[in-house]
Amino acid sequence: MKAYICDKYGAAENLHLEDVNLPAPKSDEILIQVHATSLNSWDWDKLRGHVFTRFESFKAPAHRILGGDAAGIVAAVGDEVEGFNVGERVFGDLSESGWGAFAEYATGKAANFAKIPETVSFAEAATLPQAGLLALQALRTANVQPCMHVLINGGGGGAGMFAIQLAKYYGATVHGVDNAEKLDAMKSFGADHVYDYKQTDFTDLTQKFDIVIDMVAQRSPAHSLRALKSRGRYMVVGGKPFNPLRMFLASRKTREDGKSVKILMWNNSAEDMAKLVKMVQDRKIRCFIEHVYPFEQLKSAMDAQSKFLAKGKHVVHMIPNSEQNSPYPTAI
Ligand SMILES: NC(=O)c1ccc[n+]([C@@H]2O[C@H](COP(=O)([O-])OP(=O)(O)OC[C@H]3O[C@@H](n4cnc5c(N)ncnc54)[C@H](OP(=O)(O)O)[C@@H]3O)[C@@H](O)[C@H]2O)c1
C-alpha cells in the first residue's frame with residue numbers, strides 16, 4: 001500500500017510517499033481502507049516535534065506514519081473483535097493504536113471506532129474524532145446549561161468549531177474568541193458574539209461568563225478567572241507547554257467565590273463518537289470543511305494546517321488517483 005512516511009521532525013516537506021506492507025490487525029483491532037483523514041493541531045505538533053512529542057521520541061516522530069483521524073471501510077477484523085464486519089463504514093481515532101491514517105490502509109483498536117450512518121460522508125465523519133470529542137467532553141465536563149453565557153477561547157479552530165455549535169445546541173449564549181479572520185466563521189458556527197483576541201482581552205469584558213472553555217490557554221489561571229461570574233468554571237483544553245502545572249495547581253484550589261479551574265482529560269470514546277455522528281446525521285451540528293485535498297496533495301493540506309488559517313477542517317481523501325476527488329461534502 002502507499003503511505004506517507006515521516007522519518008524526521010520538521011515541516012510538511014518531510015512527508016514522503018513509500019510503498020509499505022499492509023498492516024495486519026491485532027486481535028482487538030480492525031483494518032480499514034482509509035477514505036478520509038482530517039488534520040488536527042495534534043498532527044502538526046507530531047510532525048514539527050512539539051516539546052511534548054519530543055518526550056516520547058527526541059529526534060523523529062515515534063510513529064513513521066502519522067494521521068489520527070480516520071474514516072473508511074472495514075477490510076479485516078481481529079479474532080476478538082465483536083460488532084464490526086468487513087465492508088462497514090466506520091470512523092475513529094488512531095492515536096492510541098500507533099497512528100497511521102496517512103496511508104491507504106490503517107489498523108486501530110476496534111474500541112476506538114464507531115459506525116458512519118449512510119447520510120454522513122467519509123469526509124464529514126473524518127472531522128469528528130479528535131476535534132469533536134475534545135469539544136463534546138469539554139462542554140460536558142464544564143456542565144454547560146441553557147441560558148448560561150459560555151465563552152470559547154480559540155473558537156475558530158477545529159475543536160472550537162464543534163464547541164460553539166454544541167454550546168449553542170445546549171441553549172447557551174455563546175461568545176467566540178479567535179483572530180480577526182475567523183470572526184465570520186465563528187458566527188457561521190453559531191456564536192452570538194465574537195471577539196478578535198488581538199484587539200480584545202476577554203478578561204477585560206464587562207460581560208462575565210458562567211463557563212470559559214479555553215482551547216489555547218496562554219495566561220495564568222488567576223488572570224483568566226477574572227472573566228468568570230462567581231461560581232463560574234474555567235475549563236482548560238489546550239495551551240502553552242508549560243501552563244499545565246500552573247493549571248493543575250489552580251484546579252486543586254478552593255476559592256471563596258466558588259470559581260473553579262478544570263483540566264480536560266480527553267478520552268478516546270467510541271460512545272461519544274457515536275453521539276456526535278448521530279448529531280451530524282440529525283443535522284443538529286455540521287462538519288465545516290475548509291477544503292478536501294486529494295491523496296496526492298496531503299503535504300499541501302498539512303502545510304495549510306501548519307498556518308492555522310482554516311475556517312473549518314482540512315480533510316484529505318485517501319484513495320490515490322481517484323476520480324472522486326471533487327470538493328466537499330457529497331463526493332466522499
Ligand atoms: N486536553 C486534551 O486532552 C487535549 C488533547 C488533544 C489536543 N488538545 C489541545 O486542544 C487544543 C485545541 O485543538 P484544535 O485542534 O482545535 O486547535 P486549532 O485548530 O489549532 O485551534 C486553535 C485556535 O485558537 C486560535 N488562537 C491562537 N492563539 C489564540 C489566543 N491567544 N486567543 C484566542 N485564540 C487563539 C488559533 O488561531 P491562530 O490562527 O491565530 O493561531 C486557532 O484558530 C490544542 O491546544 C490542542 O493541543 C488537548
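Quick look at the values:
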| item | result |
| --- | --- |
| Output for segment 117-134, where each listed residue is touching a strand residue (DSSP E or B) at 6+ places or on another chain (Cβ under 8 Å) and of a type in the set (A, V, I, L, M) | 123, 125, 126, 128, 131, 133 |
| Criterion (within 14 Å of the chain's Cα centre (by Cα) and either acidic (Asp, Glu) or over 27 Å from residue 71 (Cα atoms) (or both)) met by exactly one of 104, 124 | 124 |
| Sole exception among (1) touching a Phe, Trp or Tyr at 6+ places or on another chain (Cβ under 8 Å); (2) among the small types (Gly, Ala, Ser); (3) more than 22 Å from residue 123 (Cα to Cα) for residue 67, by number | (3) |
| Filter result for the condition that a residue is away from the ligand (no atom under 13 Å from the Cβ), of a type in the set (D, E, K, R) and more than 16 Å from residue 176 (Cα to Cα), over 283, 219 | 283 |
| Residue within segment 243-260 that is assigned by TED's automatic domain parsing to the domain that holds residue 164, assigned to a strand (DSSP E or B) and either within 16 Å of the ligand (Cβ to nearest atom) or within 22 Å of the chain's Cα centre (by Cα) (or both) present | no |
| Matching residues, segment 291-324, being part of a loop (DSSP other than H, G, I, E, B) and crowded, with 18+ Cβ neighbours inside 10 Å | 310, 311, 312, 318, 319 |
| Segment 177-205, subset in contact with a helix residue (DSSP H, G or I) (Cβ under 7 Å, 6 or more places away or on another chain) and part of a strand (DSSP E or B), residue farthest from the ligand (Cβ to nearest atom) | 194 |
| Any hit, segment 12-33, residues being touching a Leu at 6+ places or on another chain (Cβ under 9 Å), modelled with pLDDT under 95 and within 16 Å of the ligand (Cβ to nearest atom) | yes |
| Residue match in segment 116-128 (condition: farther than 18 Å from residue 285 by Cα and surrounded by fewer than 24 Cβ atoms within 10 Å (Cβ to Cβ)) | no |
| Residue count, segment 59-89 (criterion: modelled with pLDDT of 95 or more and either within 17 Å of the chain's Cα centre (by Cα) or small (Gly, Ala, Ser) (or both)) | 12 |
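Rundown of residues vs (1) assigned to a helix (DSSP H, G or I); (2) at pLDDT below 95; (3) more than 14 Å from the ligand (Cβ to nearest atom); (4) not assigned by TED's automatic domain parsing to the domain that holds residue 225, yes/no style:
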| residue | (1), (2), (3), (4) |
| --- | --- |
| 119 | no, no, yes, yes |
| 123 | yes, no, yes, yes |
| 135 | yes, no, no, no |
| 139 | yes, no, no, no |
| 144 | no, no, yes, no |
| 151 | no, no, no, no |
| 155 | no, no, no, no |
| 164 | yes, no, no, no |
| 175 | no, no, no, no |
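The values are calculated or read from the model by the stated rules, or taken from the named source; none is laboratory data. If you're wondering where the values come from, they're calculated on a predicted model, not measured in any experiment. With ideal geometry, Cβ positions are generated from the backbone for all residues, glycine too; neighbour counts draw on all protein chains shown.
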